[in-house]
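Undergrad: Got a structure for you, questions after.
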Amino acid sequence: FDFVQRPKVKVISVGGEYFESYGAFLGAITISSILGFHADICFHSCAAFQEGEGAWDNNELNAAVKKAMLRRSRSNVLLCDKSKFNHTGFALVNPVDRIDCMITEEGVTGEVRRSADSPGKEPRRGL
């Protein structure tokens, strides 16, 4: 958490159980808190990415928190390095047809199908 010490950085904690191995709050309390927020864009990572399927995680707790934030966001950007391509994980986080944009070492790939700038766009529900 080196960034916490930087000026003008505001940290908001959603609560729940903190898992040091993931550097994240996870569980029902975390999800409940997230569902009270709204984000224009959700930047998320994955443990694996399979073309034609989508972004995967290897832990159901991580996957559930990511899904909750995706539901509360107008659009999303998957951050994925090439080492994760052509693999699957335990839990599907974001199906390929719901990924708005992907950023890899090669830059931005794919087409942005939904934009956070679209007027009147509501947060997603039911991922």
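Undergrad: Examine the stretch 58-71 for a residue that is outside any helix (DSSP H, G or I) and β-branched (Val, Ile, Thr), and state whether such a residue exists. Outline the logic, then answer.
TA: Residues of the stretch 58-71 that are outside any helix (DSSP H, G or I), as a first pass: 58-59.
This time we only want the ones that are β-branched (Val, Ile, Thr), so: none.
No, because not a single residue in the stretch 58-71 is outside any helix (DSSP H, G or I) and β-branched (Val, Ile, Thr).
Undergrad: I'd like to know if the stretch 2-9 contains one or more residues that are of a type in the set (Asp, Glu), part of a helix (DSSP H, G or I), without any contact (Cβ under 8 Å) to a residue 60 or more places away in the chain and more than 22 Å from GLY107 (Cβ to Cβ). Reasoning before the result, please.
TA: If we filter the stretch 2-9 for residues that are of a type in the set (Asp, Glu), which is where we start, we get 2.
Subsequent filtering for residues that are part of a helix (DSSP H, G or I) retains 2.
Pick out the ones that are also without any contact (Cβ under 8 Å) to a residue 60 or more places away in the chain and you get 2.
Next cut, more than 22 Å from GLY107 (Cβ to Cβ) only: 2.
Scanning the stretch 2-9, I find at least one residue that is of a type in the set (Asp, Glu), part of a helix (DSSP H, G or I), without any contact (Cβ under 8 Å) to a residue 60 or more places away in the chain and more than 22 Å from GLY107 (Cβ to Cβ), so the answer is yes.
Undergrad: On to the next question. Looking only at the stretch 34-57, filter to residues that are hydrophobic (A, V, I, L, M, F, W, C), modelled with pLDDT of 95 or more and not in a strand (DSSP E or B); which one of those is surrounded by the most Cβ atoms within 10 Å (Cβ to Cβ)?
TA: Among those that are hydrophobic (A, V, I, L, M, F, W, C), modelled with pLDDT of 95 or more and not in a strand (DSSP E or B), it is CYS46.
The values are calculated or read from the model by the stated rules, or taken from the named source; none is laboratory data. Bear in mind the structure is a predicted one, so any value in this text is a computation, not a measurement. With ideal geometry, Cβ positions are generated from the backbone for all residues, glycine too; neighbour counts draw on all protein chains shown.
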